[in-house]
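*Asks:* Sharing a structure here in structure tokens format.
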Amino acid sequence: AAGVIQSPRHLIKEKRETATLKCYPIPRHDTVYWYQQGPGQDPQFLISFYEKMQSDKGSIPDRFSAQQFSDYHSELNMSSLELGDSALYFCASSRGGVDFSYNSPLHFGNGTRLTVT
Amino acid sequence: AQTVTQSQPEMSVQEAETVTLSCTYDTSENNYYLFWYKQPPSRQMILVIRQEAYKQQNATENRFSVNFQKAAKSFSLKISDSQLGDTAMYFCAFHGQNFVFGPGTRLSVLP
């Protein structure tokens, strides 16, 4: 079965550069979530989208932006990268919106490991 | 590639009762970590408990304990004295060369 696809798997950037991470949800999934997991830390919720609209916002820095496109894939854009942005970035998808009561299971991608030097 | 399976999409338990969430995984690695995360409606991922694969002793954290069976690649979570605040999604996760989440189990604690 198709899973959540994240690209690239690894990315190395220098400070002050920009990076774009991509997430392709499971077919027919309309909800996408982004998480950031720093070394030795719990995954931190950044932002989510449902039907191409932002639905929840977590601890996403102002330097980051994200959007969901008409084909439901999502991109996380990161500018003015800092050393502290080095982390594993997970994307997850589900179907039916972010309402906890009705949410379908969350499926996680394998993550993009971003290293900022 | 590693896989994590949670065979129970949804479970419910009465308040003050005990519930066990199952998790199995597949890996050829020998050294790794296993986690249980709780995800409330806020979408945060809250670490419940972690287990190092090289430790035979099962991890415990207050009302939460695990039954780790390395040979069987099983890592179940037991919640004792369930509380209404335990209602959440629970994700099992494997951390070896890759970090892999299971599909989650929705737990509802009923009053």
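The values are calculated or read from the model by the stated rules, or taken from the named source; none is laboratory data. Quick caveat, the model's predicted, so the values are computed rather than measured. Glycine also receives a Cβ, built like all others from the backbone with ideal geometry; neighbour counts cover every protein chain displayed. Side chains are part of the model used for accessible areas, which takes the heavy atoms of the whole protein and leaves out ligands, DNA and RNA. Shrake-Rupley method; radii C 1.70, N 1.55, O 1.52, S 1.80 Å.
*Asks:* Once you list every other residue whose beta carbon is under 15 Å from the beta carbon of residue B:15, what net charge do they have if Lys and Arg are +1 and Asp and Glu are -1?
*Replies:* Cβ neighbours under 15 Å give a net charge of -2.
*Asks:* For region B:3-110, give the magnitude of the charge dipole about the Cα centre (Cβ charges: +1 Lys/Arg, -1 Asp/Glu; no others), in debye to the nearest 20.
*Replies:* The dipole of region B:3-110 has a size of about 200 debye.
*Asks:* What distance in nm separates the two pseudo spin-label positions at residue B:64 and residue A:71, each 7 Å out from Cα along the beta-carbon direction?
*Replies:* 3.8
*Asks:* Lys and Arg at +1, Asp and Glu at -1: add these up for the other residues within a Cβ distance under 11 Å of residue A:27 and post the number.
*Replies:* So the environment of residue A:27 carries a net charge of 0.
*Asks:* Continuing with this model, one more query. Which FRET efficiency, nearest 0.05, do residue B:42 and residue A:13 yield, Cβ-Cβ r, R0 41 Å?
*Replies:* Working from the Cβ atoms, E equals 0.85.
*Asks:* Checking the cross-link filter: which aspartates and glutamates have an alpha carbon closer than 20 Å to that of residue A:13, excluding same-chain neighbours under 8 positions apart?
*Replies:* A:62, A:75, A:82, A:85
*Asks:* Just subtract the alpha-carbon distance of residue A:115 and residue A:51 from 0.36 nm times their residue separation and send over the number in nm, one decimal.
*Replies:* 20.0 nm
*Asks:* Among the listed pairs A:52/B:73; A:15/A:57; A:57/B:70; B:38/B:70; A:57/B:38, which have their C-alpha atoms separated by more than 30 angstrom in this model?
*Replies:* A:52/B:73; A:57/B:70
*Asks:* Which residue, A:27, A:43, A:61, has the most motion in a Gaussian network model of chain A that connects Cα atoms within less than 10 Å?
*Replies:* Its mean-square fluctuation being the largest, the pick is A:61.
*Asks:* State, as an integer percentage, the relative contact order of chain A based on alpha-carbon contacts under 8 Å between residues 6 or more apart.
*Replies:* 36
*Asks:* Right, next: Just to confirm a number: summing +1 for Lys and Arg and -1 for Asp and Glu over residues other than residue A:81 whose beta-carbon lies under 9 angstrom from that of residue A:81, what do you get?
*Replies:* Neighbour charge sum, excluding residue A:81 itself: 0.
*Asks:* Starting from the amide H of residue B:108, placed 1.01 Å from N in the peptide plane, find each other amide H under 5 Å away whose residue is 5 or more places distant or on another chain.
*Replies:* The list, which skips near neighbours in sequence, is B:11, B:12, B:13.
*Asks:* Show me, for region B:57-68, the HN-Hα J-couplings you get by feeding each phi into the Karplus relation (A = 6.51, B = -1.76, C = 1.60, θ = phi - 60°), rounded to Hz, glycine and proline as x.
*Replies:* Here the 3J(HN,Hα) series is 6, 5, 6, 9, 9, 6, 7, 10, 9, 10, 10, 9 Hz.
*Asks:* Using θ = phi - 60° and the Karplus form 6.51 cos²θ - 1.76 cosθ + 1.60, what ³J(HN,Hα) does each residue of region B:42-54 get, whole Hz, x for Gly and Pro?
*Replies:* 5, 6, 5, 10, 9, 5, 8, 6, 9, 9, 8, 5, 7
*Asks:* Run the accessible area of chain B with a 1.4 Å probe and give the carbon-and-sulfur part as a rounded percent.
*Replies:* That fraction is 45 percent.
*Asks:* Nearest 100 Å² is fine: what is the total accessible surface buried where chains B and A meet, probe 1.4 Å?
*Replies:* Separately minus together, B and A give about 1700 Å² buried.
*Asks:* Still on this structure, I have one more. Only Cα pairs within less than 10 Å get springs; with that Gaussian network setup on chain A, which residue of A:60, A:47, A:12 has the largest fluctuation?
*Replies:* Answer for the Gaussian network model of chain A: A:12.
*Asks:* Here's something else I'd like to know. Of B:94, B:23, B:12, which is farthest on the positive side of the dipole of chain B, counting Cα position, with +1 on Lys and Arg Cβ, -1 on Asp and Glu Cβ, and the Cα centre as origin?
*Replies:* Working it through, the farthest residue towards the positive pole turns out to be B:94.
*Asks:* Expressed in nm to one decimal, what extension gain is obtained for the pair residue B:57 and residue B:98 from 0.36 nm per residue of sequence separation less their Cα-Cα distance?
*Replies:* 12.4 nm
*Asks:* Skip the ligands, DNA and RNA, and give the accessible area per residue of the protein assembly as shown with a 1.4 Å probe, whole Å².
*Replies:* Per-residue value: 48 Å².
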